[in-house]
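Reviewing the structure listed below.
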Amino acid sequence: MIANDPDRELVRRTLAGDSGAFGELVERHEAVAHRVARRIVGPDEADDVTQDSFLRAFHRLERFRGDSPFRAWLLQIVHNTALNALQRRRPEPVGDSPVTIEEPARERQPARELEERERRERLELKLRGLRTEHRAVLVLRDLEGLAYEEIAAVTEMPLGSVKGRLHRARGELIELLRTNSYDWELPE
């Protein structure tokens with residue numbers, strides 16, 4: 001097990017029968033798991049995917065070898081659970097209902113607030129328009145800040161494949177933003 005993993009002790013306690021320790025793991029990682037799930041499957045299924053992922057993690061915790069941080073292992077489960085959820089449903093139309101992102105309350109002018117919310121909603125819709133394998137690596141790297149090695153562990157892909165997919169995902173997103181977006185201010 002990785003010595004500097006901040007979750008190491010909680011994993012050990014959970015395996016020893018302390019269910020409260022797993023509750024602490026859930027509290028620590030619930031937000032990131034939900035964000036990743038939401039960005040892969042959308043807001044309607046994100047709660048179910050997140051809950052299912054934690055349930056799977058709890059039942060498979062004895063399989064956690066500790067070669068990578070617990071967070072990376074959990075996000076691998078979230079990623080796979082989200083992909084399974086996508087396979088079980090029909091493709092969704094890209095222009096469907098907009099997604100809102102919660103953000104901390106800040107003092108802003110109403111017009112500026114509205115403009116920023118609309119941009120976030122359009123970005124979420126554009127992300128949902130990406131191919132699934134591209135969306136996953138883009139979300140994990142650019143929105144969640146995972147290292148390439150962590151993404152490789154989460155997606156069970158070689159490091160070179162992660163970098164290649166990320167490059168293609170960014171290109172695909174830029175193209176989606178250029179076409180059919182009037183205010184992204186992207187260079188030609």
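Values in this text are rule-based calculations from the coordinates and carry no lab data. Computed from a predicted model, the values in this text were never measured in an experiment. FYI the Cβ positions are ideal-geometry reconstructions off the backbone, even for glycines, and counts take in every protein chain you see.
In table form, for the structure just shown:
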| read-out | value |
| --- | --- |
| Euclidean distance between Cα centres, region 59-89 to region 1-55, Å | 10 |
| Sum of side-chain charges, ARG28 neighbourhood, beta-carbon under 10 Å (Lys, Arg +1; Asp, Glu -1) | -3 |
| Computed lengthening from TYR148 to ARG63, 0.36 nm per intervening residue step minus Cα-Cα distance | 28.3 nm |
| Residue-wise HN-Hα coupling along region 154-160, computed from phi with Karplus coefficients 6.51, -1.76, 1.60 (Hz; x: Gly, Pro) | 5, 8, 6, 10, x, 4, x |
| Estimated distance in nm for a label pair at ARG168 and GLU116, the labels positioned 7 Å out from Cα along Cα-to-Cβ | 3.5 |
